[in-house]
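The values are calculated or read from the model by the stated rules, or taken from the named source; none is laboratory data. A quick note: this is a predicted structure, and the numbers were derived from the prediction, not measured. Note: ideal-geometry Cβ built from the backbone for every residue, glycine included; neighbour counts use all protein chains shown.
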Amino acid sequence: MTDASLPLAGRHALVTGAGRGIGRAVALALAARGAALTLVARNARALAAVADEARAAGASSVGCEAVDLLDRDDLAELCETVAVSADVLVNNAGTAPSAPLEKTHDDLFDETLELNLRAPFALCRAALPEMASRAWGRVVNVASTAALEGFAYTSAYVASKHALLGLTRALSVEAAQRWKDADLTLNAVCPGFVDTDIVARSVERLVRVAGVDEAAARDRLAAMNPGGRLLRPDEVADAVLALVLEQPGARHGEALVLG
Ligand SMILES: NC(=O)c1ccc[n+]([C@@H]2O[C@H](COP(=O)([O-])OP(=O)(O)OC[C@H]3O[C@@H](n4cnc5c(N)ncnc54)[C@H](OP(=O)(O)O)[C@@H]3O)[C@@H](O)[C@H]2O)c1
């Protein structure tokens, strides 16, 4: 018998970028529903702190993988050893560099695409067939409003998030065709600005480049959000959780806009 308050008991969830920000909030939301977690980021100490919080929140077990997703060997090992057993995959780790076109060097462009697109692709490729073999799975890719519209000085980021949404849509259609009997969904969440380290770095940059004070810089970013305020990480986590908990999955290849 399943406990209604722990709908993810018996499910294994893999969350990338779980050491802080949105990934941490997603991990804690899944933990509170009883999932077994694997948390991924580079900083082992940050992961260990989130793991403690996740255990206290109700996770049935928590494993940490201190992995640099830009390292192809480490990523391949994560795919082979962990992603194959994931029932829930949240591709959240990401980088959001800002630079004008001429300063968007090849390395910056490649690293942005490698982390924001190639790592989610590799993890989906490892996880999806195994989810299908167990007849249930949820993939949520953390994209951005930058998956849906252009923003200045962020060509690599905008390109990577558009591509991540395209990947989500393509795999959603492929999964529906190939694994009709499995309750398998792939969706993206597309938040506007969320109050995390990424926004803190954007605020620093605005203070430096535009000469405004910190409060004005935060206001400027908040005004770009559809709702005119910065989102909290737990609001994004709630949206991710809603997609994971759909029973059976109703949304396929959707871009859930949050702002
Ligand atoms: N904040 C926003 O305004 C906003 C808006 C829309 C979408 N998003 C998206 O939401 C996601 C999370 O953003 P956030 O704001 O929570 O960012 P954040 O606070 O900077 O957290 C990023 C997480 O990713 C991990 N990470 C970064 N590079 C990594 C790498 N090479 N390998 C493994 N892990 C890595 C970081 O841990 P380590 O540094 O320890 O590796 C950290 O846990 C990103 O995909 C971002 O594009 C954010």
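I'm told Ala239 meets every condition in (1) aliphatic (A, V, I, L, M); (2) near the ligand (Cβ under 8 Å from one of its atoms); (3) assigned by TED's automatic domain parsing to the domain that holds Phe151 except one. Can you identify the failing condition by its number?
Failing condition for Ala239: (2).
Being surrounded by fewer than 16 Cβ atoms within 10 Å (Cβ to Cβ) and within 9 Å of the ligand (Cβ to nearest atom) is the filter here, so list the residues in segment 46-82 that pass it.
Initially, segment 46-82 is screened for residues surrounded by fewer than 16 Cβ atoms within 10 Å (Cβ to Cβ), giving 48-49, 52-53, 55-56, 61, 63, 68, 71-73, 76-77, 80-81.
Result: Asp68, Asp71.
Can you pull out the residues in segment 1-16 that are assigned to a loop (DSSP other than H, G, I, E, B) and either among the charged types (D, E, K, R) or within 16 Å of the ligand (Cβ to nearest atom) (or both)?
Step one: list which residues in segment 1-16 are assigned to a loop (DSSP other than H, G, I, E, B), which gives 1-11.
Correct list: Asp3, Arg11.
Collect the residues in segment 132-150 that are in contact with a strand residue (DSSP E or B) (Cβ under 9 Å, 6 or more places away or on another chain), more than 9 Å from the ligand (Cβ to nearest atom) and under 21 Å from Ala176 (Cα atoms), keeping them in residue-number order.
Once the filter is applied, which keeps residues that are in contact with a strand residue (DSSP E or B) (Cβ under 9 Å, 6 or more places away or on another chain), more than 9 Å from the ligand (Cβ to nearest atom) and under 21 Å from Ala176 (Cα atoms), segment 132-150 yields Ala132, Ala135, Trp136, Gly137, Arg138, Val139, Val140.
Would you mind finding the one in Arg33, Arg42 that is within 16 Å of the ligand (Cβ to nearest atom) and modelled with pLDDT of 95 or more? First the steps, then the outcome.
On the way: Arg33 fails: within 16 Å of the ligand (Cβ to nearest atom).
Step by step, each of Arg33, Arg42 is checked, and only Arg42 is within 16 Å of the ligand (Cβ to nearest atom) and modelled with pLDDT of 95 or more.
Can you work out which of the residues in segment 90-131 that are in contact with a strand residue (DSSP E or B) (Cβ under 6 Å, 6 or more places away or on another chain) and of a type in the set (Gly, Ala, Ser) is modelled with the lowest pLDDT?
Out of the qualifying residues, it is Ser98.
With the requirement that a residue be under 19 Å from the mean Cα position of the chain (by Cα) and over 21 Å from Ala93 (Cβ atoms), what does segment 173-224 give you?
Residue satisfying the conditions is Leu184 alone.
Scan Gly211, Gly227, Gly249 and give me the residue that is away from the ligand (no atom under 16 Å from the Cβ), farther than 28 Å from Pro7 by Cα and not acidic (Asp, Glu).
Answer to the check: Gly211.
It is to be established whether one or more residues within segment 180-200 are more than 16 Å from the ligand (Cβ to nearest atom), among the acidic types (Asp, Glu), more than 24 Å from Ala35 (Cα to Cα) and at pLDDT 95 or above.
no
Within segment 153-190, track down each residue that is more than 15 Å from His252 (Cα to Cα) and buried (at least 22 other Cβ atoms within 10 Å of the Cβ).
Ala156, Tyr157, Ser160, Lys161
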